[in-house]
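**Q** Just passing along the structure, written as structure tokens.
Every number here is computed from the coordinates shown, using simple stated rules; none is lab data. Because the structure is a prediction, the values reported are computed rather than measured. Cβ placement follows ideal geometry from the backbone for every residue including glycine, while neighbour counts extend to all protein chains displayed.
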Amino acid sequence: MRSTVIARKIIRYAVVESTNDLARVLAEAGEPEGIVVLAEEQRAGRGRMGRRWVVPRGTSIQGSILLRPNLPLAQAGRITQLAGLAVAEALREELGLGAALKWPNDVMLNGKKVAGILTETTLRGEALDYVILGIGLNVNYSMRDYPELAPFATTLADQVGHLLDRAPLERALFRHLEAYYARLGSGEDFLDEYRRALQMLGTRVRAAMPGGILEGIARDVDAEGALLLEHENTIVRLLAGDVTLLKEDSL
Ligand code: BTN
């Protein structure tokens, strides 16, 4: 049987700048894959597209996992897909919550973001060397205290109506990450699961990308993690960006 990779070793910190940075230091020092860095507080937590990721101290799950997948660089996006699926599975198993994913990797409950994923890759020459998989899951605080975020974001406590023990959630998350990562390693496909979890295919979206804004119908995702957007009768392949679901009937 395959022994456990994910969270074979966990390092816990009270305060760090960013767990992704600490995991990178470990990677550069030659640490084997699977190690997890967790923090109660991040002073310089990073989100996607240069944003900050700040949550109140001691409330949430904020961690980074070092992975050394044997993958072509073009498929690094699959790590992001598996992380979103693993978070959603952990929420289903532990709390009975049905999460959806929003491309590329936001985990949503009732239309609001409860977790974000930041996948940072490092190359050796042209090939993928290692991946730092950062996950932030909002747990024990309330968006009532953050009215500016409340229309878009949520926490598990807000969703279930009480505070939660984070330890079983953390274990469920690592267990599902382990299972999906093993499937990735054995060449198994989970693209159809990811498609089903997305729940936005066939709907009209607005995509904000580094190069501008594009509206169209989210038609599909591909194995490399790109979103295939139908815009004026052509399919545009988006590799990065933020999508907003537009409130129109599905097409
Ligand atoms: C996003 O949705 O924009 C991604 C957010 C990722 C946040 C996590 S928290 C742990 C890890 N360390 C960071 O600095 N960022 C990620």
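**Q** Extending each Cα 7 Å along its Cβ direction at Ala14 and Leu246, get the distance between those two points in nm, one decimal.
**A** Going by the 7 Å Cα→Cβ label model, 5.1 nm.
**Q** Around Arg175, under 11 Å between beta carbons, what's the net of Lys plus Arg minus Asp minus Glu among the other residues?
**A** So the surrounding residues net to -4.
**Q** List, largest first, the extents of the alpha carbons of segment 1-129 along their principal axes, each in whole Å.
**A** Over segment 1-129, Cα extents along the principal axes are 42, 35, 31 Å.
**Q** Also: What lysines could a cross-link reach from Lys247, if we take a straight Cα to Cα line under 27 Å and drop same-chain neighbours fewer than 8 places away?
**A** Of all the lysines, those that pass the test against Lys247 - Cα under 27 Å, at least 8 places apart if same chain - are Lys102, Lys112, Lys113.
**Q** Give the share of C-alpha pairs in each 10 angstrom bin for segment 1-49, from 0 to the last occupied bin, in whole percents, shortest bins first.
**A** In order of increasing distance, the bins hold 25, 48, 23, 4 percent.
**Q** Only Cα pairs under 8 Å and at least 6 apart count here; give the relative contact order of segment 123-251 as a rounded whole percent.
**A** So the answer I get is 15 percent.
**Q** Let me ask another. Quick one: length gained pulling Arg52 to Glu40 fully straight, 0.36 nm per residue minus the C-alpha distance?
**A** Gain on stretching Arg52 to Glu40: 2.7 nm.
**Q** Here is a further query. Calculate, in nm to one decimal, what Phe152 and Leu239 gain on full extension: separation in residues at 0.36 nm each, minus their alpha carbon distance.
**A** Extra length available between Phe152 and Leu239 comes to 29.1 nm.
**Q** Can you sort Arg12, Arg175 so the residue with the fewest Cβ neighbours within 10 Å comes first?
**A** The order, fewest Cβ neighbours first, is Arg12, Arg175.
**Q** Additional query: Can you tell which of Ala39, Pro69, Ala23 lies farthest toward the positive end of the dipole of segment 1-69, using +1 and -1 charges on the Cβ of basic and acidic side chains (Lys, Arg; Asp, Glu)?
**A** Highest projection toward the positive end goes to Pro69.
**Q** Let me ask something else. Give me P(r) over segment 139-206, computed from all C-alpha to C-alpha distances, binned every 10 Å, as integer percentages.
**A** Values per bin, smallest distances first: 16, 27, 35, 21, 1.
**Q** When only alpha-carbon atoms count, how far does the chain stretch along each of its three principal axes, as whole angstroms with the largest first?
**A** For the chain, the Cα spread along each principal axis is 49, 46, 34 Å.
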